[in-house]
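The values are calculated or read from the model by the stated rules, or taken from the named source; none is laboratory data. Here the structure is a predicted model, which means the values were calculated and not measured. Reconstructed Cβ throughout: ideal geometry from the backbone, glycine too, with neighbour counts over all protein chains shown. When the accessible area is computed, the model is the full protein with side chains, heavy atoms only, and any ligands, DNA or RNA have been set aside. Shrake-Rupley method; radii C 1.70, N 1.55, O 1.52, S 1.80 Å.
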Amino acid sequence: QPLQYLNDSLLDFYLKYLYREKMGASQQERYHIFSTFFFRKLTSGSARRGINYAAVKNWTKRVDIFDKDILMIPINQHYHWHMVAVLGLKTLVEEQLEQARQAAERQRATKSLSQADQNATSSSSTTSSALTPSSTSVTSSNTTVTNSSRNGDGNAATIARTTVGGPPTLLAMSDED
């Protein structure tokens, strides 16, 4: 019949039917299908930039969406249905967490080098000729290589180097207790 539209409740019912009756258990583990009301609630209200996270914050409390391979989100705009498939969310989140971890490591290394540089200026009595190697630490995920050695009186001295864009460069030398 003309001017008959696909009802959101009917679409919701059909998506649940497909999920529960037609998908196997292994597929159900990989997918999460949101309700047809999810996007409408997410974009309702006068929240920041039109996104209302508070309205849907409990919609996934029983499911870990970051563990799913595919998220399906039905959207109705201007009497037209769209189905958004979010692929690779788990991989994206893992990559973002790894990048954040690496950034934190780089920040710690920069802070350590800065402190080593300050220690080197305040402790100018250590010379490289009096150092004997004791250990070397190399971290590939950031840009810092640190060689720890012992000076003539048995105290540990640290020589911090960087490998960004070229050969190692002496940045700081300091005594450590």
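For LEU113, the conditions (1) modelled with pLDDT of 50 or more; (2) in a helix (DSSP H, G or I); (3) loosely packed, with under 11 Cβ neighbours inside 10 Å; (4) not aromatic (Phe, Trp, Tyr) all hold with the exception of (3). Picking from residues in region 22-54 that are in a loop (DSSP other than H, G, I, E, B) and modelled with pLDDT under 90, the one that is nearest to MET83 (Cα to Cα) is THR43. Number of residues in region 38-67 that are touching a residue at least 24 places away in the same chain (Cβ under 8 Å) and closer than 22 Å to LEU11 by Cα: the value is 7. The residue pairs whose first member lies in region 92-112 and is in contact (Cβ under 8 Å) with a residue 24 or more places away in the chain, whose second member is open to solvent by 70 Å² or more (accessible area, probe 1.4 Å), and whose beta carbons are closer than 9 Å, counting only pairs six or more residues apart or on different chains, are VAL93/PHE66. Residues in region 55-76 that are hydrophobic (A, V, I, L, M, F, W, C) and part of a loop (DSSP other than H, G, I, E, B): TRP59, VAL63.
For region 77-99, the candidate set comprises residues that are open to solvent by 70 Å² or more (accessible area, probe 1.4 Å) and assigned to a strand (DSSP E or B); within that set, the residue that is farthest from PHE38 (Cα to Cα) is LEU87.
One residue stands out among those in region 35-75 that are closer than 19 Å to ARG20 by Cα and of a type in the set (S, T, N, Q): the one that is least open to solvent (accessible area, probe 1.4 Å), which is THR36. Provide a single number: the residues in region 5-29 that are surrounded by fewer than 12 Cβ atoms within 10 Å (Cβ to Cβ) and touching a residue at least 24 places away in the same chain (Cβ under 8 Å). The qualifying residues number 2.
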